[in-house]
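*Asks:* Submitted below is the structure of interest, expressed as C-alpha cells.
No lab work stands behind these numbers, since they all come straight from the coordinates. All figures in this text were calculated on a predicted structure; none of them were measured in a lab. FYI the Cβ positions are ideal-geometry reconstructions off the backbone, even for glycines, and counts take in every protein chain you see.
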Amino acid sequence: MASKPIYLNFVDKGIANRFDYGSWEEIEVHKHLLKYPKLYEGLLKHEFSHQEGNHKLADLMLDIKYDGIPKPGFYKFLFKTPGAWWQLSPVWIRNKTIIWDVSSLFMWLVFLLGCLIIGIGIKEVLI
Ligand SMILES: [Zn+2]
C-alpha cells in the first residue's frame, strides 16, 4: 500500500512526525536528531511504521507501544532540545492543512482526566 512518495524534512520544532498530504507524505525530524544517530534511526523506523493517512487508530496504538525508540537517548535529546517540546502539540498546521495528532490528543485527554480525578479526590478530602 506504500504507493506515495515520502519526503524527509529537517525542522527545528517537535521530534518526529509523519504527515499525509493526499498524494504525498512527509516525515519531519528535528535537525538536532542527527547528533543522536541511534535515536534518529529508531525514530525514522518508527515513523515509517506509521500508516498512510492521518488520524488513524493504528497510529495511536503504535505510539502507545513506543516501538523502536531508544529511551535513554530520547530523554537526553528531549531535555537538551527545547524546540522538541513542540511534539506535545495536539494540532499541527502544515501545507495550509490543520492536522490533529491523535496520539497527543489521547495523551492530553488522559492527563486532563487524571487532573480531574485528583482534583475531585482533593476536594473530597478537604470539604
Ligand atoms: Zn509515532
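*Asks:* So which of K38, K45 ends up being over 21 Å from S89 (Cα atoms), within 14 Å of the ligand (Cβ to nearest atom) and either among the acidic types (D, E) or in contact with a Gly (Cβ under 6 Å, 6 or more places away or on another chain) (or both)?
*Replies:* None of the other options fit; the residue is K45.
*Asks:* Would you point out the residue of the stretch 76-127, among those that are among the aromatic types (F, W, Y) and over 14 Å from the mean Cα position of the chain (by Cα), that is farthest from A16 (Cα to Cα)? So that I can check it myself, show each step before the final result.
*Replies:* Going residue by residue through the stretch 76-127, those that are among the aromatic types (F, W, Y) are 77, 79, 85-86, 92, 100, 106, 108, 111.
Filter once more, so that each one left must be over 14 Å from the mean Cα position of the chain (by Cα): 77, 79, 111.
Values: F77: 12, F79: 15, F111: 21 Å.
Per the criteria, the residue is F111.
*Asks:* Looking at (1) within 13 Å of the ligand (Cβ to nearest atom); (2) of a type outside the set (A, V, I, L, M); (3) surrounded by 16 or more Cβ atoms within 10 Å (Cβ to Cβ), find the lone condition where G73 falls short.
*Replies:* (1)
*Asks:* Right, something else. Condition first: of a type outside the set (F, W, Y) and surrounded by 10 or more Cβ atoms within 10 Å (Cβ to Cβ). Now tell me which residues in the stretch 91-109 satisfy that.
*Replies:* Those that are of a type outside the set (F, W, Y) and surrounded by 10 or more Cβ atoms within 10 Å (Cβ to Cβ): V91, R94, N95, T97, I99, D101, V102, S103, S104, L105, M107, L109.
*Asks:* Also, I was wondering about something else. Go through the stretch 95-104 and report how many residues are outside any loop (DSSP other than H, G, I, E, B) and in contact (Cβ under 8 Å) with a residue 12 or more places away in the chain.
*Replies:* If we filter the stretch 95-104 for residues that are outside any loop (DSSP other than H, G, I, E, B), which is where we start, we get 97-100, 102-104.
Now narrow it down to the ones that are in contact (Cβ under 8 Å) with a residue 12 or more places away in the chain: 97, 99-100, 102-104.
The qualifying residues number 6.
*Asks:* Another one. Which members of the stretch 11-25 meet the condition of being within 15 Å of the ligand (Cβ to nearest atom) and not hydrophobic (A, V, I, L, M, F, W, C)?
*Replies:* Residues satisfying the conditions are G14, N17, R18, D20, E25.
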